[in-house]
Amino acid sequence: MLAVALSLAAAAAFAASAMFIDSVSGRVGPLQLSRWQMSLAFLMTVVVVLVTGGWRSLDPEMVLWLTASSVSGIMVGSLTYIATIQYTGPRISALLFTTASPFALILGFGFRAETVSPLQAAGVGLIVAGIALAVMGPKQDEGARTPKPLWIGILLGLVTSFAQALGSLLARPAMLAGADPVAAMVVRSGTGALFFIALLTLPALRPATLPSRPELRQIGLSALAGMVVGMSFLMAALARGDVGIVTTLSSTTPILILPMVWAAYRRISGPTAWAGAVLAVIGTALISLSS
């Protein structure tokens, strides 16, 4: 039950992060956004672990696992996700990201012999279906997208989901061994920040301008909510629950963002999105009952 609660808390933090970043995502490029988010998250988590002493929980083997997790989930996953959006648009890319759950279940079973009960499997299926319904509604921001080969976008989206699921699997040994969740994020976010900063050596990927002070504030809040709080919750959940279940529950961000959008903007999503939310709630209840 604690793993369920932590996974849902991570999803809620990811949703809050998306709300903070929504106002700047159209003005700041995705690579620059990722670079600033990772760098700010690294600085925040370093301060926390220095104050709490969480860095003492890490040993060289844990650092290797967490670095590998960052390479898969952050480096590969972030780049392919950005490319997926460029080829398919945000709606289809979010839909493709729902495949992270079955990938995580397969990887958890294949490499860690993690199994799910029939009730849990039914819950996972309902949550994936609910997320798919929540992101299927029409979006205005896809109308002006330049047509590109859709099959390339689908392939990139599947690679993204697999990389994210593999990243969670690779982090699990370190978390099971007792790594502090925030200290784990120091390694993951630090590795990611170094990677995105290194991309600045390529002239074509250098930003023309830097974010403004208000934009940096929003990016910082997004990093705090998503990369620091949300990912720390996710790391803690991986120490207590199976990879497939944790990945599924922490992917319910499109569901949890619905009431946030209503509270912040008084915008009510369509019936398809709320039908998806109902399915996700039922699926979560089934997983909780089986736990």
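The values are calculated or read from the model by the stated rules, or taken from the named source; none is laboratory data. What you see is a predicted model, and the numbers here were worked out from it, not measured in a lab. Counting neighbours? That spans all protein chains shown, and the Cβs are built from the backbone with ideal geometry, glycine included. The accessibility values were calculated without ligands, DNA or RNA, using every heavy atom of the protein model including side chains. Shrake-Rupley method; radii C 1.70, N 1.55, O 1.52, S 1.80 Å.
With contributions of -39500 (n - 2.57) from each DSSP H run of at least four residues, the per-residue ellipticity at 222 nm computed over the chain stands at -23500 deg cm²/dmol. Rolling a 1.4 Å probe over the protein heavy atoms of region 1-159, with every protein chain left in place, gives an accessible area that is 73 percent carbon and sulfur.
The relative contact order of region 124-260, computed from alpha carbon pairs under 8 Å that lie at least 6 residues apart in sequence, is 49 percent.
Along the charge dipole of the chain, pointing to its positive end and built from +1/-1 on Cβ of Lys, Arg, Asp and Glu, which listed residue (GLY153, THR209, ILE74) has its Cα farthest out? Of the options given, the answer is THR209. Computed about its Cα centre, the charge dipole of region 156-291 is approximately 300 debye, with only Lys, Arg, Asp and Glu carrying charge at their Cβ. If you look at the Cα atoms of region 40-82, you get an Rg and a Dmax of 12.7, 35 Å.
Considering only Cα atoms, the convex hull volume of region 1-70 works out to 129 Å³ per residue. Taking all protein chains into account, the per residue accessible area for the chain stands at 47 Å² (1.4 Å probe).
Region 218-281 and region 1-20 have their alpha-carbon centroids 5 Å apart.
Surface composition of region 243-291: carbon and sulfur make up 73 percent of the accessible area, probe 1.4 Å. When +1 charges are put on Lys and Arg Cβ atoms and -1 charges on Asp and Glu Cβ atoms, the dipole computed for the chain relative to its Cα centre reaches about 600 debye.
With the largest listed first and rounded to whole Å, the semi-axes of the equivalent ellipsoid of the chain from the Cα gyration tensor are 26, 25, 18. Ordered from largest to smallest accessible area (heavy atoms of protein chains, 1.4 Å probe), the residues MET235, MET260, MET136 come out as MET136, MET260, MET235.
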